[in-house]
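Here's the structure we're looking at; comments come further down.
The values are calculated or read from the model by the stated rules, or taken from the named source; none is laboratory data. Keep in mind the model is a prediction, meaning the values are calculated, not measured. With ideal geometry, Cβ positions are generated from the backbone for all residues, glycine too; neighbour counts draw on all protein chains shown. With ligands, DNA and RNA removed, areas are computed over all heavy atoms of the protein, side chains included. Shrake-Rupley method; radii C 1.70, N 1.55, O 1.52, S 1.80 Å.
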Amino acid sequence: MPIAEPSKRLGGMPPYMFAQLEQRIAEKKAAGIDVISLGIGDPDRATYPYIVEAMQNAVADPATHQYPSNRGGTVFREAFASFYDTRFGVAIDAETEVIPAIGAKECIYNVCFAFMDPGDVALASDPGYPVYTGGPILANGVPEVMPLVPELGFAPDLEAIPAETAAKAKLMFVNYPNNPTGAVVPEGFFERVIEFAREHEVLVVHDNAYSETTYDGYVAPSFLATPGAKEVGVEVFSLSKGYNMTGWRCAAILGNADAIREYWRLKTNIDSGLFDAVQLAGAAALLGPPEPLREQNEIYLRRRDLVVGALREIGVDVTAPKGTIYVWAPVPEGHTSTSFVELVLEEAAVVISPGSMYGPSGEGFFRISLTTPDDRIEEAVARMREHLA
Ligand SMILES: *Cc1c(COP(=O)(O)O)cnc(C)c1O
């Protein structure tokens, strides 16, 4: 007997385009071929020991075992306020301008439900994190993509947004350092975003997943450090990538107090907050020593240079990213994203991501993630040199 029909909103989600690629990977593995995956962006290294220790202590205390509050505990909120002050020079009111999120993914998705009615538009960076378009679709809204223009440093051209689209827009999703392009925020871009948001009454959501993962002396700013940002926007800060905590589901939303209150009001109907022990460990992470992060960024830097060097040897025109855990590059002449990804899989048994997976403007590019142990990256790079040069 068939089950009930799934909802129209679920049916409206784009089909999963890479089932075929996954099938090929599975077949190769089943045939005993040693496939190296440089596809997914999930740190391979352990959470830093001082954070694990803070978690062990926190979870041993029965006071953390009950329902947390959706507003978050004082320790968590004050740790974020202190971190934003010392790290970004941004003043955050721990009472009203920060609350926990169960990861940035949950936060971005639920912000759509807090602000979008049917037909409302969300402006989404393209290529971009898939929830910038999937969230609005599930909320019965309309995602409108803003192509990231390589000539503009992978920023969208805000003047190219049609007036009717801008008039219907409630939300705008931006993200620097950027996944998947590895770009850092171009000079003056946040200022232009704030101006646009004021003019069109749009809530800006800056997705900050990579500010602590940067290279070559580059220090990433918070969006909230731009004058006027707090009047029009929020920043979602995730501990997942910088602190190797993807499995912990620990993030916060900071900035505009009214926006944060609406998100909180929605969440009181949906989930029951972030585990208090995770909040305490997250607070410890933010207030911890700088060495583990520095050491980790040196490891990624070495991997970045390995990958960039090998790509240049096989004739790919690639720019070394100043931030994130990704190398983004155009596919060679005559290829589409998918055909090049298939070629690399066939010839080198290495999995890379097709740029088209991150939106229409990702077509013609591919992404390599640096979150694979050094020896495997070295092996992957050697195979690409050998089979693709
Ligand atoms: C990884 C990633 C996220 C997910 O963060 P979580 O806190 O683990 O949900 C969000 N945005 C971007 C751009 C990412 O790359």
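If I filter the range 294-318 down to residues being in contact (Cβ under 8 Å) with a residue 60 or more places away in the chain and either in the same structural domain as residue 74 (by TED's automatic domain parsing) or not in a helix (DSSP H, G or I) (or both), which single residue comes out as most open to solvent (accessible area, probe 1.4 Å)?
315
Which of the residues spanning the range 12-66 are aliphatic (A, V, I, L, M), closer than 23 Å to residue 339 by Cβ and part of a loop (DSSP other than H, G, I, E, B)?
Answer for the range 12-66, where residues must be aliphatic (A, V, I, L, M), closer than 23 Å to residue 339 by Cβ and part of a loop (DSSP other than H, G, I, E, B): 17, 31, 33, 35, 38, 40.
Suppose we filter 39, 11, 73 for residues that are away from the ligand (no atom under 16 Å from the Cβ) and either among the aliphatic types (A, V, I, L, M) or under 30 Å from residue 137 (Cβ atoms) (or both); which single one remains?
Testing whether each residue is away from the ligand (no atom under 16 Å from the Cβ) and either among the aliphatic types (A, V, I, L, M) or under 30 Å from residue 137 (Cβ atoms) (or both) leaves just 11.
Among the residues of the range 142-151, are any within 13 Å of the ligand (Cβ to nearest atom) and surrounded by 24 or more Cβ atoms within 10 Å (Cβ to Cβ)?
Taking every residue of the range 142-151 in turn, at least one turns out to be within 13 Å of the ligand (Cβ to nearest atom) and surrounded by 24 or more Cβ atoms within 10 Å (Cβ to Cβ).
For residue 128, indicate whether it is open to solvent by less than 10 Å² (accessible area, probe 1.4 Å), assigned to a loop (DSSP other than H, G, I, E, B), within 16 Å of the ligand (Cβ to nearest atom) and not hydroxyl-bearing (Ser, Thr, Tyr).
So residue 128 passes the test.
Among the listed residues 229, 277, which satisfies the condition of being more than 19 Å from residue 59 (Cα to Cα), assigned by TED's automatic domain parsing to the domain that holds residue 80 and not acidic (Asp, Glu)?
229
Tally up the residues in the range 17-51 that are open to solvent by less than 50 Å² (accessible area, probe 1.4 Å), of a type outside the set (S, T, N, Q) and under 26 Å from the mean Cα position of the chain (by Cα), please.
Within the range 17-51, residues that are open to solvent by less than 50 Å² (accessible area, probe 1.4 Å), of a type outside the set (S, T, N, Q) and under 26 Å from the mean Cα position of the chain (by Cα) number 11.
Among the residues of the range 44-66, how many are over 16 Å from residue 245 (Cα atoms) and among the acidic types (Asp, Glu)?
1
For the range 83-103, does any single residue satisfy the condition of being charged (D, E, K, R), more than 16 Å from the ligand (Cβ to nearest atom) and assigned to a helix (DSSP H, G or I)?
yes
Given the conditions (1) open to solvent by less than 20 Å² (accessible area, probe 1.4 Å); (2) free of Cβ contacts under 8 Å to residues at least 12 places away in the same chain; (3) among the aliphatic types (A, V, I, L, M), and given that residue 116 satisfies all but one, which numbered condition is not satisfied?
Failing condition for residue 116: (2).
Between residues in the range 52-76 that are over 17 Å from residue 260 (Cβ atoms) and open to solvent by less than 20 Å² (accessible area, probe 1.4 Å) and residues that are of a type in the set (Asp, Glu) and at pLDDT 95 or above, which pairs lie under 8 Å by C-beta distance while being six or more apart or on different chains?
Close Cβ pairs satisfying both conditions: 58/276; 64/276.
Residues in the range 244-257: is at least one within 24 Å of residue 85 (Cα to Cα) and more than 19 Å from the chain's Cα centre (by Cα)?
The answer is yes; a qualifying residue exists.
Could you identify the single residue in 377, 325 that is β-branched (Val, Ile, Thr), open to solvent by less than 10 Å² (accessible area, probe 1.4 Å), under 17 Å from the mean Cα position of the chain (by Cα) and not assigned by TED's automatic domain parsing to the domain that holds residue 237?
That would be 325, the only listed residue that is β-branched (Val, Ile, Thr), open to solvent by less than 10 Å² (accessible area, probe 1.4 Å), under 17 Å from the mean Cα position of the chain (by Cα) and not assigned by TED's automatic domain parsing to the domain that holds residue 237.
Can you tell me which of (1) within 16 Å of the ligand (Cβ to nearest atom); (2) part of a helix (DSSP H, G or I) is the one residue 254 doesn't meet?
Looking at each condition in turn, residue 254 falls short on (2).
Taking residue 289 and the conditions (1) more than 16 Å from the ligand (Cβ to nearest atom); (2) modelled with pLDDT of 95 or more; (3) crowded, with 16+ Cβ neighbours inside 10 Å, which numbered condition does it fall short on, given that it satisfies the others?
For residue 289, the failing item is (3).
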